[in-house]
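Peer 1: The structure that follows is given in the form of structure tokens.
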Amino acid sequence: FRSLIDRGGFQDQSARLVDQLVTRLNEGNLFVDRYYFDGDPRDCAGSRPGAPHLDPETLYQRHPEHRLLIFSDGSSMVHPVTNRARSWLERFAKWPERALLTPRPVNRWDELERAVAGSGLLVYPAGETGLAAFMETLHTGMTGPMQGISAGPFPELLLEQPRLTFGRMPPDDSLITELVSQLRAYLDEAGFFWLAACSVYPGLAWDLTLHLGQVLRDSHDRPLLREHRLLALTRLPWFRRGQMPDWRPSAGW
């Protein structure tokens with residue numbers, strides 16, 4: 001397998017989650033090499049510092065027998081106005097067995113996933129469930145009903161108000177109140193508690209995120225760490241950047 005992992009930077013915890021999954025596959029004697037891209041999978045590089053950037057044609061020429069896994073939410077693959085797949089997705093068509101594994105929960109799939117699937121990429125949820133479904137399709141040639149954990153809607157304010165992600169000055173109290181409400185609906189109460197614990201310090205570290213998920217407990221005395229919660233948490237822009245905003249204490253988290 002050849003994996004292309006969407007990574008916004010070395011602190012991107014969404015990419016770290018995928019790295020962990022790929023490492024487990026390699027430990028299970030299923031060889032998966034990995035390349036990284038930032039938003040656009042047409043420009044990938046290996047993990048070594050200074051590794052050359054490669055386009056889809058070069059990647060295919062190196063290992064044409066590999067199957068292709070792209071770990072990304074797919075937002076760069078679809079035009080935001082027309083909801084049509086980008087024409088450059090045809091550059092990946094040489095791989096007959098290729099898939100997009102997305103962190104977007106199955107119950108929130110819409111025109112984006114349909115457009116990507118229409119381009120020839122199979123679409124599965126990120127994580128072990130999605131990988132198992134893809135492997136089953138490879139072995140049987142059939143795609144069964146898509147299984148996945150449901151989740152609330154991604155906070156619209158984080159898409160509409162970039163200063164909530166990177167701004168130094170605290171937003172209006174009303175905006176913070178609405179953001180907290182949207183985060184609670186997206187993460188569930190246990191996930192929001194996990195977010196609050198992670199945000200005690202502005203810097204976000206992967207090992208600390210996992211540690212807090214393991215030691216903190218939900219209302220049933222179970223660890224907060226669950227794959228679906230970790231997928232949802234690491235989709236938040238703060239975890240992709242590795243930094244909480246300076247105004248976070250004023251949110252009452």
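Peer 1: For the stretch 1-23, which residues satisfy the criterion of being without any contact (Cβ under 8 Å) to a residue 60 or more places away in the chain and in contact with a helix residue (DSSP H, G or I) (Cβ under 7 Å, 6 or more places away or on another chain)?
Peer 2: Across the stretch 1-23, the qualifying residue is only 7.
Peer 1: Next question, about the same structure. I'd like to check which helices (runs of 4 or more DSSP H) are fully inside the stretch 107-207 and have at least 1 residues that are among the basic types (Lys, Arg) and open to solvent by 70 Å² or more (accessible area, probe 1.4 Å).
Peer 2: In the stretch 107-207, the matching helices (runs of 4 or more DSSP H) lie at 111-118, 163-166, 173-198.
Peer 1: What single numbered condition from (1) more than 17 Å from residue 2 (Cα to Cα); (2) surrounded by fewer than 16 Cβ atoms within 10 Å (Cβ to Cβ); (3) in contact with a Lys or Arg (Cβ under 6 Å, 6 or more places away or on another chain) fails to hold for residue 103?
Peer 2: (2)
Peer 1: Take the residues of the stretch 32-80 that are in a strand (DSSP E or B) and more than 20 Å from the chain's Cα centre (by Cα): which is farthest from residue 124 (Cα to Cα)?
Peer 2: 53
Peer 1: Mind checking whether some residue in the stretch 68-91 is surrounded by 19 or more Cβ atoms within 10 Å (Cβ to Cβ) and of a type in the set (Phe, Trp, Tyr)?
Peer 2: Among the residues of the stretch 68-91, at least one is surrounded by 19 or more Cβ atoms within 10 Å (Cβ to Cβ) and of a type in the set (Phe, Trp, Tyr), which makes the answer yes.
Peer 1: Same structure again: Could you grab the pairs with beta carbons closer than 6 Å, sequence gap of 6+ or different chains, first residue in the stretch 205-217 and touching a residue at least 60 places away in the same chain (Cβ under 8 Å) and farther than 14 Å from residue 229 by Cβ, second one crowded, with 18+ Cβ neighbours inside 10 Å and not hydrophobic (A, V, I, L, M, F, W, C)?
Peer 2: Partner pairs satisfying both residue conditions: 206/13; 206/16.
Peer 1: Here are the criteria: (1) of a type outside the set (Ser, Thr, Tyr); (2) out of contact with any Pro (no Cβ under 6 Å at 6 or more places or on another chain); (3) not in a loop (DSSP other than H, G, I, E, B). Tell me which single one residue 83 does not satisfy.
Peer 2: Only one criterion in (1) of a type outside the set (Ser, Thr, Tyr); (2) out of contact with any Pro (no Cβ under 6 Å at 6 or more places or on another chain); (3) not in a loop (DSSP other than H, G, I, E, B) is unmet by residue 83, namely (3).
Peer 1: Here's something else I'd like to know. From the set of residues in the stretch 26-56 that are closer than 25 Å to residue 233 by Cβ and polar (S, T, N, Q), which is most open to solvent (accessible area, probe 1.4 Å)?
Peer 2: 47
Peer 1: Going by the conditions given, is residue 23 hydroxyl-bearing (Ser, Thr, Tyr) and surrounded by fewer than 21 Cβ atoms within 10 Å (Cβ to Cβ)?
Peer 2: Yes: the conditions hold for residue 23.
Peer 1: Under 6 Å between Cβ atoms, at least 6 apart or on separate chains: pull out the pairs that start in the stretch 27-41 with a residue that is under 17 Å from residue 89 (Cβ atoms) and end on any residue that is of a type in the set (D, E, K, R) and surrounded by fewer than 18 Cβ atoms within 10 Å (Cβ to Cβ).
Peer 2: 37/43
Peer 1: Among the residues of the stretch 1-31, write down those that are of a type in the set (Lys, Arg) and in a helix (DSSP H, G or I).
Peer 2: Passing the criteria: 16, 24.
The values are calculated or read from the model by the stated rules, or taken from the named source; none is laboratory data. Note that the structure is predicted; figures quoted are calculated from it, not measured. Glycine gets a Cβ as well: all are built from the backbone with ideal geometry, and neighbour counts include every protein chain shown. All accessible areas refer to the heavy atoms of the entire protein, side chains included, with ligands and DNA or RNA removed. Shrake-Rupley method; radii C 1.70, N 1.55, O 1.52, S 1.80 Å.
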